[in-house]
Amino acid sequence: MATTITITGAGGQIGYALLFRIAAGDMLGPDEKVRLRLLEIPQGVKAAEGAALELHDGAFDLLESVEVTDDAATGFDGCNLALLVGARPRGPGMERGDLLAANAGIFGPQGQTIAARAAADVRVTVVGNPANTNALIAAASADGVPADRFSALTRLDENRARAQVAAALDAPVSGIRRVSIWGNHSATQFPDLAHATVDGRPVLDALGERMDDVRGWLEETFIPRVAKRGAEIIEVRGSSSVASAANAAIEHTRDWVAGTDDWTSAGVVSRGEYGVPAGLVSSFPVRAVGGQWQIVEGLELDDWARARIDTSVAELVEEREAVRALGVL
Ligand code: NAX
């Protein structure tokens with residue numbers, strides 16, 4: 001058996017960083033063969049074809065086939081996993097409403113085509129921004145596919161947060177666990193350390209041994225650094241995050257399929273957990289069990305955390321309203 005994986009925007013930057021790692025087994029392990037479908041718009045087909053040539057030249061043992069197409073029905077036909085990376089970027093002078101409308105025009109039809117053509121066990125990781133609302137639109141458009149088969153990537157935010165904590169504690173990142181991202185994959189997100197641990201100890205205690213004002217550090221340094229890391233990468237690198245985003249998309253999808261031994265963060269459809277309105281795709285601390293995300297429930301949230309989550313969730317509500325105003329949902 002092999003897993004059929006559709007990657008949209010495969011001719012773009014993140015696509016290029018994803019394809020070779022998937023072919024090498026980084027996502028589904030060293031025993032699972034993969035069939036790759038590279039779905040592009042006509043302008044992106046040449047770049048995807050070039051990547052396909054290089055995939056052949058990689059002579060990957062696990063790579064059973066590569067197909068490039070600009071036809072969504074062909075691209076999603078029989079796919080078990082879909083990574084929706086291709087999206088419309090914000091152009092100069094583009095308002096948020098225009099951006100949502102342009103992306104609704106992509107993710108709505110893709111959701112419909114997934115419902116019509118994908119395999120019964122399909123799981124869809126949405127990377128293209130605005131990722132949470134794009135996932136919401138795709139899920140709402142995919143009649144007959146359970147909404148929990150769609151999730152949005154906030155793993156990059158979690159990884160960025162873990163790395164910042166590791167640097168602040170001068171500790172290996174591998175020991176930093178249970179960092180939660182709440183809300184939208186945007187500057188309003190809330191990276192939460194209240195339950196995070198370093199080698200099993202509370203991170204907040206360890207930070208308290210190193211600094212007088214942990215809350216001040218969280219507010220003035222940690223949260224803005226994580227939430228605006230994408231802009232920092234653009235400033236330094238001259239281009240947006242690519243390899244780290246691809247890495248996060250691989251980890252997210254791998255964990256979803258294989259399961260987690262602890263918790264991580266993902267944008268999943270709310271059923272009202274933690275007061276997040278049902279139906280929104282919001283980031284939560286989650287576990288993956290049996291191929292399904294499960295929100296970690298019962299965590300205590302103080303007023304400070306509650307207010308930050310509410311701010312980010314309010315932005316998600318606004319995005320949903322804007323999309324509804326377009327008649328999409
Ligand atoms: P690129 O512009 O390099 O690539 C995008 C590709 O998508 C292009 O090749 C384009 O032709 C293709 N495309 C556009 N519309 C399509 C459609 N309808 N069907 C199929 N393909 C289509 O962007 P890249 O740097 O690869 O980023 C891709 C997306 O990831 C962007 O929306 C970006 O904002 C988002 N990101 C999301 C992150 C996350 O954590 N959720 C982090 C990284 C990144 O910013």
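The values are calculated or read from the model by the stated rules, or taken from the named source; none is laboratory data. All figures in this text were calculated on a predicted structure; none of them were measured in a lab. With ideal geometry, Cβ positions are generated from the backbone for all residues, glycine too; neighbour counts draw on all protein chains shown.
Things worth noting here:
- Residues (without any contact (Cβ under 8 Å) to a residue 60 or more places away in the chain and in a loop (DSSP other than H, G, I, E, B)) located in the stretch 246-275: Gly259, Thr260, Asp261, Ser270, Arg271, Gly272
Conditions (1) surrounded by fewer than 18 Cβ atoms within 10 Å (Cβ to Cβ); (2) modelled with pLDDT under 95; (3) within 25 Å of Ile137 (Cβ to Cβ); (4) of a type in the set (Lys, Arg), marked per residue:
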{"position": "Gln294", "(1), (2), (3), (4)": "yes, no, yes, no"}
{"position": "Glu300", "(1), (2), (3), (4)": "yes, no, no, no"}
{"position": "Asp303", "(1), (2), (3), (4)": "yes, no, no, no"}
{"position": "Glu315", "(1), (2), (3), (4)": "no, no, yes, no"}
{"position": "Ala322", "(1), (2), (3), (4)": "no, yes, yes, no"}
{"position": "Leu326", "(1), (2), (3), (4)": "yes, yes, yes, no"}
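- Contact map, the stretch 36-57: residues that are over 24 Å from Asn80 (Cβ atoms) and in contact (Cβ under 8 Å) with a residue 12 or more places away in the chain paired with residues that are near the ligand (Cβ under 9 Å from one of its atoms) and of a type in the set (Asp, Glu), Cβ distance under 6 Å, separation 6+ or inter-chain. Pairs shown: Pro42/Asp70.
- One residue stands out in the stretch 71-92 among those that are within 11 Å of the ligand (Cβ to nearest atom) and surrounded by fewer than 16 Cβ atoms within 10 Å (Cβ to Cβ): the one that is nearest to the chain's Cα centre (by Cα), namely Pro89.
- A single entry from Arg324, Arg271, Arg254, Arg287 fulfils the requirement of being farther than 13 Å from Gly183 by Cα and out of contact with any Gly (no Cβ under 9 Å at 6 or more places or on another chain): Arg324.
- Taking each residue of the stretch 181-198 that is at negative phi and looking for partners that are assigned to a loop (DSSP other than H, G, I, E, B) and among the small types (Gly, Ala, Ser) with beta-carbon atoms closer than 6 Å, six or more apart or interchain, yields Val198/Ala171.
- Out of Ser270, Ser240, Ser244, sole residue that is modelled with pLDDT under 95 and either touching a Pro at 6+ places or on another chain (Cβ under 9 Å) or closer than 20 Å to Asn129 by Cβ (or both): Ser240
- Residues located in the stretch 131-164, provided they are buried (at least 23 other Cβ atoms within 10 Å of the Cβ) and hydrophobic (A, V, I, L, M, F, W, C): Ala131, Ala135, Leu136, Ile137, Ala138, Ala139, Ala142, Phe150, Ala152, Leu153, Leu156, Ala161
- When Val127, Val173, Val179 are checked against the criterion of being in contact with a helix residue (DSSP H, G or I) (Cβ under 6 Å, 6 or more places away or on another chain), over 21 Å from Pro277 (Cβ atoms), away from the ligand (no atom under 16 Å from the Cβ) and at pLDDT 95 or above, Val173 stands alone in meeting it.
- From Ile14, Ile41, Ile7, residue being within 23 Å of the chain's Cα centre (by Cα), within 16 Å of the ligand (Cβ to nearest atom), among the β-branched types (Val, Ile, Thr) and surrounded by fewer than 21 Cβ atoms within 10 Å (Cβ to Cβ): Ile41
- Odd one out for Leu100, checked against (1) surrounded by 15 or more Cβ atoms within 10 Å (Cβ to Cβ); (2) near the ligand (Cβ under 10 Å from one of its atoms): (2)
- Within the stretch 87-112, residues that are free of Cβ contacts under 8 Å to residues at least 12 places away in the same chain and in the same structural domain as Pro42 (by TED's automatic domain parsing) have Cβ atoms under 7 Å from residues that are more than 8 Å from the ligand (Cβ to nearest atom) and in a helix (DSSP H, G or I) in these pairs: Arg90/Leu99, counting only partners at least 6 apart in sequence or on another chain.
- Scoring Ala48 on the criteria (1) farther than 22 Å from Leu156 by Cβ; (2) more than 8 Å from the ligand (Cβ to nearest atom); (3) part of a helix (DSSP H, G or I) leaves a single failure, condition (2).
- Which numbered condition Gly230 fails, given (1) loosely packed, with under 13 Cβ neighbours inside 10 Å; (2) under 24 Å from Arg254 (Cβ atoms); (3) at pLDDT below 95: (1)
- The stretch 13-50, residues that are in contact with a Gly (Cβ under 8 Å, 6 or more places away or on another chain) and among the basic types (Lys, Arg): Arg37, Lys46
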